[in-house]
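Each remark here refers to the structure printed beneath this line.
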Amino acid sequence: MKENFLQNGFEVLSESDKDKADIYVINSCTVTSMSDKKIRQEIHRLKKINPSSVIVLTGCFPQAFADEAKKIDGIDIITGTKNRNALPDLVNEFIADNEKVFSLSEYSKNDVFESMTNKEFEDKTRAFIKIQDGCNQFCSYCIIPKARGRIRSKPLEDLKNEVSVLSQSGHKEVVLVGINLSFYGKEFGLTLADAIEVCCQTDGIERVRLGSLEPEMISDEEISRMKNQPKLCPQFHLSLQSGCDRTLKEMNRKYTSEKYYELVTKLRNAFCDCSITTDIMVGFPGETDEDFNESLEFVKKVCFNKVHIFPYSRRNGTPAAERTDQVKDSIKTQRAKIMTKVCEECEVINLEKQIGKTFPVLFEKENCTEFHQGYAPNYTLVKICRKNSDKSLRREIFYVKIKIIEKDFCIGEIAEGN
């Protein structure tokens, strides 16, 4: 969106000058009710510090809850997650007519992927490429299908051109992301493996990394094809949500804990030093102590490298929000603490396995004077001691031997022969 504004003659201000902007574009999330609250607070704050500014609200919140968005004071332009390329035109329309603009259209089954590109990520080592949008899964707690529509994918030729441009601008790693990434290419008769292969075959790209994946869509054939791509990073974020089969069924997830574990085993067998990360929800409506303990034991069994833990958040417009067996906040908080402790222990176990190994580390911009830091292919954060005379290692790949670990990262030294 920023690139689109720049191409249409607008100037993007730096963070330090943001209070002087003529126009503010708020790209909203609506996964939780807390997201909506933060959006309202930000709109009021911006209007207070700059009353004459134009406020644009776009993204998932107005797409899913248009009537609520209309009620918020201070918004001049409301649009959703469709046709975001039209944002500069909508701003110009408001400036010319000085009348509020409401430009929202619902999704249909025949929608295609909106062509939006980003030619260069400023001051970044890795570039994110969105290749898929929408979701057909309808999990009982999730508003995303309403906010993002049905599944649709970026054409393979468009992806090929985009990753080539990013390579030419100096990016060595690309991350493929989407709302439901595992469904990439389904409408074209393609799979995610096709997108991975296109990126891996691009000159200058050293690494290809994947965003969050739905576990039920990864076939043995795809694993075999992915294994044949040495540039593919062996890090897989497989969204679990719960390790309890009863809870998974009530969430309308399309797999069992047994099937999930089978997939984890296949990936670990296929990829050396494979990292498995995930999301875990605690306190889903109706989750009993027994259900939670079952989920906890499953997490121990998998022994994830890293876990994002979050308490269930009631989201209006979803079946789970209508249930009468909501779990108390105090219980959700307690369960999150217990789960966090177990997941931190698992993280340490996996970090200890890295000691003595040597990994190619892609270094990123240093944020302290003590260390250079970057990531191994499996997304282990690696730091090496930095001398005052050292030049920046950003965007460079060096082999690093791991010596010791800290709480959530490894410390090593550049290996001989670099």
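Each value in this text was obtained by applying a stated rule to the coordinates, not by laboratory testing. Everything quoted here is computed from the prediction, not taken from an experiment. Positions of Cβ are generated from backbone atoms using ideal geometry, with glycine treated the same way; all protein chains shown enter the neighbour counts.
Spacing of the modelled spin labels on Ala86 and Lys2, each 7 Å from Cα toward Cβ, amounts to 2.5 nm.
Only aspartates and glutamates eight or more places from Lys266 in sequence, or on another chain, were considered; those with a Cα closer than 18 Å are Glu214, Glu216, Asp220, Glu221, Glu222, Glu258. Two decimals is fine: what is log10 I(q)/I(0) at q = 0.20, 0.23, 0.26, 0.30 Å⁻¹ for the range 358-414, from a Debye sum with one equal scatterer on every Cα and no solvent? Values, matching the q order: -0.62, -0.83, -1.07, -1.39.
Qualifying trypsin sites (Lys or Arg not before Pro) in the range 172-227, where qualification requires a DSSP coil assignment and no more than 13 other C-beta atoms within 10 Å, are lacking entirely.
Per-residue ellipticity at 222 nm for the chain, helices alone: DSSP H runs ≥ 4 residues times -39500 (n - 2.57), over residue total, nearest 500 deg cm²/dmol?
Details: 13 runs with 137 residues, N = 418.
So the helix-based figure for the chain works out to -10000 deg cm²/dmol.
Binning the C-alpha pair distances of the range 205-256 at 10 Å intervals from 0 yields a P(r) profile of 22, 43, 25, 10, 1 %, listed from the shortest bin outward.
Find the percent of Cα-Cα distances in the range 205-317 that exceed 22 Å, and round it to a whole number.
On the way: 2144 of 6328 pairs.
More than 22 Å apart: 34 percent of the Cα pairs in the range 205-317.
Calculated on the alpha-carbon coordinates, the convex hull of the range 126-352 measures out at 123 cubic angstrom per residue. Reported to the nearest whole Å, the Cα centre-to-centre distance from the range 57-80 to the range 123-190 is 24. For the range 2-103, the residue among Thr79, Gln41, Asn4 whose Cα projects farthest onto the positive side of the dipole built from Cβ charges is Gln41. What the Cα atoms of the range 262-418 give is an Rg and a Dmax of 19.7, 63 Å. Where the alpha-carbon atoms of the chain are placed on the principal axes, they occupy 66, 57, 45 Å, in descending order. Stretched out straight at 0.36 nm per residue, the stretch from Lys37 to Lys353 would grow longer than its current Cα-Cα span by 109.6 nm.
Size estimate for the range 339-383 follows the Kirkwood approach: the inverse of mean 1/r over distinct Cα pairs works out to 11.9 Å.
Taking the charge dipole of the range 358-414 about its Cα centre, with +1 at Lys and Arg Cβ atoms and -1 at Asp and Glu Cβ atoms, the residue from Ser392, Ile405, Leu362 reaching farthest to the positive side is Ser392. Compactness of the range 108-259 was expressed as the Cα radius of gyration divided by 2.2 N^0.38 Å, which yields 1.07. Taking the Cβ-Cβ separation of Asp390 and Val165 as r and a Förster radius of 45 Å, what is the calculated FRET efficiency to the nearest 0.05? Between Asp390 and Val165 the formula returns 0.90.
Mean projection of the Cα convex hull over all viewing directions, computed for the range 2-103: 6.3 nm². Ranked for footprinting exposure by Cβ neighbours inside 10 Å, fewest first, Ile144, Ile72, Ile131 give Ile72, Ile144, Ile131. Of the residues Asn269, Ile144, Ala195, the one whose Cα sits farthest towards the positive end of the charge dipole of the chain is Asn269 (charges of +1 on Lys and Arg Cβ, -1 on Asp and Glu Cβ, taken about the Cα centre).
Nearest-5 percent of antiparallel DSSP beta bridges in the range 126-352?
Roughly 10 percent of the DSSP beta bridges within the range 126-352 come out antiparallel.
A DSSP coil position with no more than 15 other Cβ atoms inside 10 Å describes none of the chymotrypsin sites (Phe, Trp or Tyr not before Pro) in the range 204-268.
Packing, taken as the mean count of other beta carbons within 10 Å per residue, orders the peptides 312-319, 103-110 from highest to lowest as 312-319, 103-110. Computed about the Cα centre, the dipole magnitude for the chain is approximately 540 debye when only Lys and Arg (+1) and Asp and Glu (-1) carry charge, each at its Cβ.
Taking every DSSP bridge with both residues inside the range 358-414, close to 85 percent are antiparallel. Result for the chain in a Gaussian network model with C-alpha springs under 10 Å: among Arg126, Arg395, Arg386, the largest mean-square fluctuation is at Arg386.
Is there a pair in Lys249/Lys301; Lys130/Lys227; Lys337/Lys387; Lys146/Lys383; Lys172/Lys249; Lys18/Lys130 whose C-alpha atoms are over 31 Å apart, and which pairs would that be? Those over the limit are Lys337/Lys387; Lys146/Lys383; Lys172/Lys249.
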